[in-house]
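Taking it in order: structure first as C-alpha cells, then the write-up.
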Amino acid sequence: MPPAPSSSSLAEPIHDNSHAAYISNPNCASTSTFTVSGLKTHRVLQALVQALANPPPHGEDGDATEPDVAFEETSVRLFHTYLVLCGGSLSKEGNETLRTWVRAELAREGGEKQLADRWALDGPGLGELLARLV
C-alpha cells in the first residue's frame, strides 16, 4: 500500500506574484537590503547628514533660509529606520555630525518630548536614535 500523501503535498502551489507568497514567507516582501545598498552606494546618507547640519536655502525662489521642517522630519525618520530598525551605521564623521546637529536641535526645542513631537517620532523613537548616535 502506498504511503498517504502529506499535508504539504496537498497544498496549493504558491506563486511568487500572489499574496500567498507574502503570507508563507513575510521576508520576501522586505526591501531593506536593496534600499540600504542603494543608500550606501549613492552616498545618500552622507548627503542627508550634510543637508541637515548645513541646510541649503529652499522654497520657490531659494529664498527661505529657515529649516525645512518637512525635510527634517523625513530625513530624521529615514535615519531612525536605517540606524535603529535596519541596524545600519554611518561613517565616524557622519555619525559625529548628525549627533552634534541632533543635540543642537534638542537644546533649541527644549527637550526630547518637544523634538520628538516636531519630528513625529512616537514613543521611544528619538531615544533609540540618540542611542545609535553615541
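None of the figures in this text is laboratory data; all of them are computed from the coordinates on show. Note that this is a predicted model, so its numbers are computed, not measured. A quick note on method: Cβ atoms are made from the backbone with ideal geometry, for glycine too, and the neighbour counts reach across all protein chains shown.
Which whole-Hz couplings ³J(HN,Hα) result when phi for each residue of region 100-106 is put into the Karplus expression 6.51 cos²θ - 1.76 cosθ + 1.60, θ = phi - 60°, listed in order with x for Gly and Pro?
Once rounded to whole Hz, the list reads 4, 5, 4, 5, 5, 5, 4.
Would you kindly state how much longer the chain becomes between residue 84 and residue 61 on full extension, computed as 0.36 nm times their sequence separation minus their alpha carbon distance, in nm to one decimal?
Full extension from residue 84 to residue 61 adds 4.7 nm.
Measuring from centroid to centroid over Cα atoms, what is the spacing of region 75-134 and region 30-63 in Å?
Value for the Cα centre distance between the two parts: 15 Å.
I need the phi-derived Karplus couplings for region 72-80: 6.51 cos²θ - 1.76 cosθ + 1.60, θ = phi - 60°, integer Hz, Gly and Pro marked x.
Coupling constants for region 72-80: 4, 4, 5, 5, 5, 5, 5, 5, 4 Hz.
Looking only at region 85-126, which residues have a backbone nitrogen under 18 Å from a spot 7 Å from the Cα of residue 69 in the C-beta direction?
Within reach of a label on residue 69: 105-122.
In nm, give the distance between the simple-model label positions of residue 92 and residue 35, each being 7 Å from the Cα along the Cα-to-Cβ direction.
Result for the modelled spin labels: 3.0 nm.
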